[in-house]
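Working notes, beginning with the structure itself.
Throughout, read-outs are computed from the coordinates displayed, never taken from laboratory work. All values derive from a computational prediction rather than experimental measurement. Every residue, glycine among them, receives a Cβ derived from its backbone with ideal geometry; neighbour counts consider all protein chains shown.
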Amino acid sequence: MNEYGFLSILPPLIAIIFALTTRQVFIALYAGIVMGDFIISGYSISGAVIGSVERSVTILGEVWVAKTIVFALLVGSVIVLISASGGVEGFIEYISRKKKIIKSKRSALFLTYIIGLIIFVESSITALIAGTVSRPLTDKFKVSREKLAYVCDSTSAPVCSLIPLNAWGALLIGLITTQISAGVISGDAVYLLIQSIPFNFYSIVTLIVVFIIVYKDKDFGAMNTAEIRALKEGKLIRDGANPIVDEEVMSLKTDEGINPAPLRMILPISVLILMMPIGLYLSGDGNMLKGSGTTAIFYSVLTTLLFCGIYYVGILKIFTLNIFMKHLNRGAGAMFQVAAVLVFAFAIGDITVELGTGNYLAHLSEGFLSPALGPVVIFILASFISFSTGTSWGTFSIMIPIALQMGVAIDAHLLLMIGAVVSGGVFGDHCSPISDTSIVSSMAAGSDHIDHVNTQLPYALFSGVIAIILFTIFGVLLT
């Protein structure tokens, strides 16, 4: 048990309460950071204020954080450049008018869903591309931004957790390998992870639920209210909502005098996608499953910007170098708020690590596990940790060692235990207002972030309950 005990829960709890009550994610995250440093500094007000500022600045010194922030800024540049070049407009015109593929609200959302399934290289890239490509089409058919954010968020992380040929797989394989090396379990890490995929119940159920929701065009709870508002009043976002990006800058408009063409979007996005596995391969010294996700996305977006410069300025000559740089700066500037929120999200994650929030929650389960109930308890516990910390990856890092060690001790089904950790990490992340992946999904869809969290929550809880039932059933059957 860590020295802070119950106090370790307070910073994320404060952040979550502030986010839901004030609807200001930036303020909420900072309040959680201040509370954390207040505890760490021995309840000193000056220590809390100075510590929170220092922590938020120091966190940028972490290489992976700096790369993620640069990625967040520059991906805004990519979006604006693709839009100004006529790529987005050309693609939309091609699939909706020439090919007549997108003819309704359902087909527009299915496009989002399919993009979420086929681009499984990294959850942020998946959500960004799905939201950017689909937003003009879903706007046309009066789909609320909350619904678009839900489809982006509920396909990106689940599909990345189900297909391990990405940074998610690299992390999980590394964590499992550590337990094999320590002699806790035996076997091959890659084989064990692949075998555990059918037990990743939450991700599987979520993808099925999203498909049904899109196909049936039936909503419930806050999402139904949002959809009625968009359809009957034409208001894609709620009055008084605070979208996480500048709507004017990220309006996806083609520059005057440029004729739209779909290849101007397809080629840069293809470069962005293809560079991800190449980046993982290179950063992993020839082993993609050992590569760095943050390094891969960092170089993916840099390469894509370089390609855009050569393609738009050098080959097509639709931009001068000055215009290109103007759009690049405009796009990066539009993402400043997102980058700032991500810095605070990472900083509060740092707080939870220092306070031992995840370990405290994990230790609460000791002595209560049985072989049959072990998987469902691990799922619930991983969900709480992910919800409290806002990170599925952090949850994996905490819970994989605990789940495997406990699984061996109580003779539980180890593949089911791995599936429970991954499922819980994604589930809690989907429910948490301080989740960085949910923040990116809100940004991609142009949605108010708290509205996205509130409308997605009933669907996430529904899928979570089904996952609990499945983990209980399979825990009994496989024991």
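Relative to the present Cα-Cα distance, how much length would full extension add between E3 and L316 at 0.36 nm per residue of separation?
Difference between extended and current length: 106.5 nm.
Which three extents, in angstrom, do the Cα atoms of segment 361-479 have along their principal axes, listed largest first?
47, 24, 21
Put a dot 7 Å past each Cα toward the Cβ at A182 and V53; how far apart are the dots in nm?
Calculated label separation equals 4.0 nm.
Can you sort W393, W168, W64 from fewest to most other Cβ atoms within 10 Å of each residue's own Cβ?
W64, W393, W168
Tilt of helix 293-308 relative to the longest C-alpha principal axis of the chain, in degrees (0 to 90, nearest 10)?
That works out to roughly 0 degrees.
Report the net charge of residues surrounding G36, where surrounding means a beta-carbon distance below 15 angstrom and charges are Lys +1, Arg +1, Asp -1, Glu -1. Each step should come with its number before you reach the end.
Working: positive: R55; negative: E3, D37, E54, D350, E354.
In short, -4.
Using the number of other C-beta atoms within 10 angstrom as an exposure proxy, rank D436, D285, D429, D350 with the fewest first. Don't skip to the end; give the middle numbers.
On the way: D436 24, D285 8, D429 28, D350 19.
Ascending Cβ contact count within 10 Å gives the list D285, D350, D436, D429.
Along the Cα→Cβ direction, 7 angstrom out, place labels at E256 and V476. What is the inter-label distance in nm?
7.0
Does anyone have the angle between helix 45-58 and the longest principal axis of the chain? Alpha-carbon axes, 0 to 90°, nearest 10?
Helix 45-58 sits roughly 60 degrees off the main axis of the chain.
How long are the three semi-axes of the equivalent ellipsoid for segment 47-178, computed from the Cα gyration tensor as the root of 5 times each eigenvalue, in whole Å, largest first?
33, 20, 14
At 0.36 nm per residue, and after removing the present C-alpha to C-alpha distance, how many nm does the segment from W64 to I45 gain when stretched out fully? Let's see the in-between values first.
Numbers: separation 19, 0.36 × 19 = 6.84 nm, distance 3.01 nm.
Full-extension gain reported as 3.8 nm.
How many nm is it between the label spots at E93 and F336, if each spot is 7 Å from the Cα in line with the beta carbon?
3.4
Net charge near H430: determine it from the other residues with C-beta under 13 Å of the C-beta of H430, scoring Lys and Arg +1 and Asp and Glu -1.
Cβ neighbours under 13 Å give a net charge of -3.
What's the longest piece of the chain with no exposed trypsin sites (Lys or Arg not before Pro), counting a site as exposed if DSSP puts it in a loop and it has at most 13 other beta carbons within 10 Å?
In the chain, the maximal stretch lacking such sites is 318-479.
So, with +1 on the Cβ of K and R and -1 on the Cβ of D and E, and no other charges, what is the size of the charge dipole of segment 256-371 about its Cα centre, to the nearest 20 debye?
With only Lys, Arg, Asp and Glu charged at Cβ, the dipole is about 600 debye.
Using 0.36 nm per residue of separation minus the Cα-Cα distance, give me the extension gain between K235 and Q24 in nm, one decimal.
Values: separation 211, 0.36 × 211 = 75.96 nm, distance 2.09 nm.
This chain segment gains 73.9 nm when fully extended.
Specify the angular offset, from 0 to 90 degrees and rounded to the nearest 10, of the alpha carbon long axis of helix 63-84 from the longest principal axis of the alpha carbons in the chain.
With rounding to tens, the tilt is 30 degrees.
When Cα extents along the principal axes in Å is calculated directly from the model, which label among (i) 69, 54, 51; (ii) 71, 65, 40; (iii) 141, 73, 38 fits?
Computing Cα extents along the principal axes in Å and matching it to (i) 69, 54, 51; (ii) 71, 65, 40; (iii) 141, 73, 38 gives (i).
DSSP loop (so not H, G, I, E, B), at most 15 other Cβ within 10 Å: list which GluC sites (Glu not before Pro) in segment 38-129 pass both filters.
Here the GluC sites (Glu not before Pro) that fit, given the DSSP loop and packing criteria, are E62.
How large is the Rg to Rh ratio of segment 18-105 when both quantities use alpha carbon positions and Rh follows Kirkwood?
Details: Rg = 21.6 Å, Rh = 16.9 Å.
Expressed as Rg/Rh, it is 1.28.
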